[in-house]
Amino acid sequence: MEITFFGAAQEVTGSCHVVRVGGKSVALDFGMFQGHRAETQEKNQSLPFTPDEIDAVILSHAHIDHSGRLPLLARYGFHRPVYATPATRDLCAVMLADSAHIQEKDAEFLARRHKSFAQPLYGQADVTRLMSRMMSVPYNMAFDPAPGIRATFVEAGHILGSASVVLECTEGAVSRRLVFSGDVGRWGLPIIRDPDPPHGADVVIMESTYGNRDHQSVADMPNQLARIIRETAAKGGRVLIPAFAVGRTQELLYDLHRLSRADAIPPIPIVVDSPLAIAATSIFATNPDAYDRTEELVADVDDLFDFERLQFARDAAASKALNTRIGPMVIIAASGMAESGRILHHLAHGASDPRNTILIVGWQAEHTLGRRIVERRPFLKIFGDEVPLRARVEVLNGYSAHADRGELVRWLGAVRGDDKQPLPVYLVHGEPEAQAALRDRLSEDGYVVTIPARNSTYQF
Ligand SMILES: [Zn+2]
């Protein structure tokens, strides 16, 4: 039995690990590499295996860095099953369609700039082809993706539908239990259930995004959010929130719904201005069985995403009309790092007004507009213009959907249980610094930690 790490190896994108058992192969995730175009284009275009070498794909969750290259696999003729939880499958339908749209626009842009033909990585037809291969399997129900491999999804607590994957592998008389963490979420996140680490493993593949950091507490976020909205509304300003359309936007709406019911925020309009966020919100609304039933708001209301003062700006005209509206409001718009999407119009219009607040609720990569806002640069370049940054900037990192260092250690401890045997752990999905810090921390606890390089193979 062996594992090859084809992506998210010493980096945070391109998740893909292939497990081989008795001549059969199953891929865990097939994600997109993200970052500078020149560096990632080559990695995204070339398949690390031919489609007929793989008997099935098991997808941990819908984020593009885990699912984003599946349509490419379909384009090259992959016709075997892709297994995912029901909510992941639903989210993939909109997120991969959005990704295809971005690929097509990107190819058009390159073609215009270089005055030559540029082929998109994949298109809408490939997404449709892929979706027809997707099989949904509920949590905690074993299925057999290939002879000798029995798989089970368990709750990862990261985004709606997110799963860790348990593989019971059998080759001749030998059995090994492999656990793949997927992206580990956090205890206490709104809407979704807490992580449910599987008990017992012979080998673990674990993410390590925040292996060297601790987050603000989840529980404190609503109070901070309410404070920022109250202070901004008192000045007559707007709260502008760049937010990922899937996950973060719905968590914010959940907290705003609770705050609104408790009269903890003033009665100002709350506007979601992102077509993808609106589509994703519908998918949340149609997957209530993935909700955390122990949460008060989930138990108390019929519709989490329907409350007084919440509005959705569906088309471009409704989005533009917001600019001429008077009075305080909250605007949530994609993209999460303010690199594209409708948030750019709101920032171009509102960043220079000292009454406004720009609220950052997610991680901002280097070289993004979001990062420059966090750094409080005096000027922001938006649509080619220099816009002075006079709005207040606030950062809340407690909304992170990724486990921090302490939560990763907790998750892994639950997998190992009372059995203190040295457990082999492969760290994936992390920058080298975070991985090294987590390796040192885990080695103290007796884990045998490896940080695999891309394309490396290990027996297990
Ligand atoms: Zn993720």
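Some observations on this one:
- Identity of the residue in region 49-66, more than 23 Å from the chain's Cα centre (by Cα) and not polar (S, T, N, Q), that ends up most open to solvent (accessible area, probe 1.4 Å): Asp52
- Of all residues in region 72-88, those that are away from the ligand (no atom under 16 Å from the Cβ) and buried (at least 22 other Cβ atoms within 10 Å of the Cβ) total 5.
- Condition met for Pro388 (more than 29 Å from Pro354 (Cβ to Cβ) and surrounded by fewer than 17 Cβ atoms within 10 Å (Cβ to Cβ)): no
- Going through (1) within 16 Å of the ligand (Cβ to nearest atom); (2) in contact (Cβ under 8 Å) with a residue 60 or more places away in the chain; (3) surrounded by 22 or more Cβ atoms within 10 Å (Cβ to Cβ); (4) not aliphatic (A, V, I, L, M) one by one, Arg69 falls short only on (2).
- Every residue from region 49-66 that is more than 16 Å from the ligand (Cβ to nearest atom) and of a type in the set (Gly, Ala, Ser): Ala56
- Residue, surrounded by the most Cβ atoms within 10 Å (Cβ to Cβ), within region 420-441, restricted to residues that are under 23 Å from the mean Cα position of the chain (by Cα) and acidic (Asp, Glu): Glu431
- For region 131-167, the candidate set comprises residues that are within 16 Å of the ligand (Cβ to nearest atom) and part of a loop (DSSP other than H, G, I, E, B); within that set, the residue that is surrounded by the most Cβ atoms within 10 Å (Cβ to Cβ) is Ala156.
- Within region 174-225, the set of residues being within 14 Å of the ligand (Cβ to nearest atom), more than 23 Å from Ala27 (Cβ to Cβ) and not in a loop (DSSP other than H, G, I, E, B) comprises Ile192 only.
- Ser99, sole failed condition from (1) modelled with pLDDT of 95 or more; (2) polar (S, T, N, Q); (3) within 21 Å of Ile283 (Cα to Cα): (1)
- Hey, Asp353 at pLDDT below 95 and either of a type outside the set (A, V, I, L, M) or open to solvent by less than 50 Å² (accessible area, probe 1.4 Å) (or both) or not: no
- Failed criterion for Thr40 (all others in (1) within 21 Å of the chain's Cα centre (by Cα); (2) hydroxyl-bearing (Ser, Thr, Tyr); (3) under 17 Å from Arg75 (Cα atoms) hold): (3)
- Among the residues making up region 392-411, those that are under 22 Å from Arg248 (Cα atoms), open to solvent by 10 Å² or more (accessible area, probe 1.4 Å) and away from the ligand (no atom under 15 Å from the Cβ) are Arg392, Val393, Glu394, Val395, Asn397, Arg405, Gly406.
- Count of residues meeting criterion [more than 16 Å from the ligand (Cβ to nearest atom), of a type outside the set (S, T, N, Q) and out of contact with any helix residue (DSSP H, G or I) (no Cβ under 8 Å at 6 or more places or on another chain)] in region 352-372: 7
- Count of residues meeting criterion [small (Gly, Ala, Ser), touching a Phe, Trp or Tyr at 6+ places or on another chain (Cβ under 9 Å) and farther than 20 Å from Thr457 by Cβ] in region 419-439: 1
The values are calculated or read from the model by the stated rules, or taken from the named source; none is laboratory data. The shown structure was predicted, so the numbers you read here are calculated from the model rather than taken from an experiment. Every residue, glycine among them, receives a Cβ derived from its backbone with ideal geometry; neighbour counts consider all protein chains shown. Only protein heavy atoms, including side chains, enter the accessible area calculation; ligands, DNA and RNA are left aside. Shrake-Rupley method; radii C 1.70, N 1.55, O 1.52, S 1.80 Å.
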